[in-house]
Amino acid sequence: TGMDTEFRVIWSSDGSERVIRMRSRPYCDDNTEVSRIVGVAWDITERCKTELILAKERNLLETLMDHLPYAIYFKDLDSRFIAVSRAMTRSFGKSDPAEIIGRTDHDFFSREHAEGALADEREIIRTGKPILDYEEKETWPDRDDTWVSTTKMPLRDAQGKVIGTFGISRDITEKKRAAEKLARLTEELRTKNESLEQDL
């Protein structure tokens, strides 16, 4: 049977380490004894370096997606999720990001919010222009409204062609509710002051 082996060697010409892959096959004579081995070897050092770089980049992205407390997502041209962070997974009431893949905002949000988000993404895909740091109201079919600070950007391939969108949303619901409460209290105080001035 053939053999496929990888091994590392020190290149004598410059002292650098190279990764070599060798594939060989033994041939037997009429007495079923191995008479010769034919093989080929090729240098795969650069490919291994590329794979190592990609693995490090993938690990960095996975670290962000797993641990940042923000909703991070990537979508294709049809606005279907192709990757989501664990924080976003939890916000959708799911435990595994795989449960979100292939679905759209219409599967989770109310029609009002899903249609608005879809319109934003189609415009980003059409123009290639991002939407930066804007406050977005999220409406749900089974819970109270929430607010997020959102950035959405075009997702491009290696040639620069837009192949989808991606974004990050930070929950600001408590901040928004506090601001609304402050605005109500300010209005009540203003009304009371006006009444007091009239009485005086």
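The values are calculated or read from the model by the stated rules, or taken from the named source; none is laboratory data. Everything numeric in this text was worked out from a predicted model, so none of it was measured. FYI the Cβ positions are ideal-geometry reconstructions off the backbone, even for glycines, and counts take in every protein chain you see. Just so you know, the surface numbers come from the protein's heavy atoms only, side chains and all, with ligands and any DNA or RNA stripped out. Shrake-Rupley method; radii C 1.70, N 1.55, O 1.52, S 1.80 Å.
Residues that are open to solvent by 60 Å² or more (accessible area, probe 1.4 Å), over 26 Å from Asp78 (Cβ atoms) and outside any helix (DSSP H, G or I): does the stretch 184-200 have at least one?
yes
Could you tell me which of the residues Leu52, Leu61 is within 21 Å of Ala98 (Cβ to Cβ) and not in a strand (DSSP E or B)?
Within the list Leu52, Leu61, the selection yields Leu61.
Any residue in the stretch 155-173 that's at positive phi: show its pairings with residues that are open to solvent by less than 60 Å² (accessible area, probe 1.4 Å) at Cβ separation under 6 Å, as long as the two are six or more apart or on different chains.
That search, which allows pairs on different chains as well, returns Gly164/Lys75; Gly164/Asp76; Gly164/Leu155.
Quick check: anything in the stretch 133-140 in a helix (DSSP H, G or I) and open to solvent by 70 Å² or more (accessible area, probe 1.4 Å)?
No: the stretch 133-140 contains no residue that is in a helix (DSSP H, G or I) and open to solvent by 70 Å² or more (accessible area, probe 1.4 Å).
For the stretch 5-16, does any single residue satisfy the condition of being at pLDDT 80 or above and either among the hydrophobic types (A, V, I, L, M, F, W, C) or assigned to a strand (DSSP E or B) (or both)?
no
Scan the stretch 94-101 and tell me whether some residue there is more than 23 Å from Arg177 (Cβ to Cβ), part of a loop (DSSP other than H, G, I, E, B), among the aliphatic types (A, V, I, L, M) and free of Cβ contacts under 8 Å to residues at least 40 places away in the same chain.
Scanning the stretch 94-101 turns up at least one residue that is more than 23 Å from Arg177 (Cβ to Cβ), part of a loop (DSSP other than H, G, I, E, B), among the aliphatic types (A, V, I, L, M) and free of Cβ contacts under 8 Å to residues at least 40 places away in the same chain.
Could you tell me which of the residues Arg184, Arg177, Arg143, Arg156 is modelled with pLDDT of 95 or more and among the basic types (Lys, Arg)?
Being modelled with pLDDT of 95 or more and among the basic types (Lys, Arg) holds for just one of Arg184, Arg177, Arg143, Arg156, which is Arg156.
How many residues are open to solvent by less than 80 Å² (accessible area, probe 1.4 Å), assigned to a helix (DSSP H, G or I) and under 23 Å from Ser85 (Cα atoms) if we restrict to the stretch 160-183?
1
If you go through the stretch 73-86, how many residues are assigned to a strand (DSSP E or B), open to solvent by 20 Å² or more (accessible area, probe 1.4 Å) and out of contact with any Asp or Glu (no Cβ under 8 Å at 6 or more places or on another chain)?
Within the stretch 73-86, residues that are assigned to a strand (DSSP E or B), open to solvent by 20 Å² or more (accessible area, probe 1.4 Å) and out of contact with any Asp or Glu (no Cβ under 8 Å at 6 or more places or on another chain) number 3.
Restrict the check to the stretch 120-132 and report whether at least one residue is out of contact with any strand residue (DSSP E or B) (no Cβ under 7 Å at 6 or more places or on another chain), within 15 Å of Phe74 (Cβ to Cβ), among the β-branched types (Val, Ile, Thr) and surrounded by 14 or more Cβ atoms within 10 Å (Cβ to Cβ).
Taking every residue of the stretch 120-132 in turn, none turns out to be out of contact with any strand residue (DSSP E or B) (no Cβ under 7 Å at 6 or more places or on another chain), within 15 Å of Phe74 (Cβ to Cβ), among the β-branched types (Val, Ile, Thr) and surrounded by 14 or more Cβ atoms within 10 Å (Cβ to Cβ).
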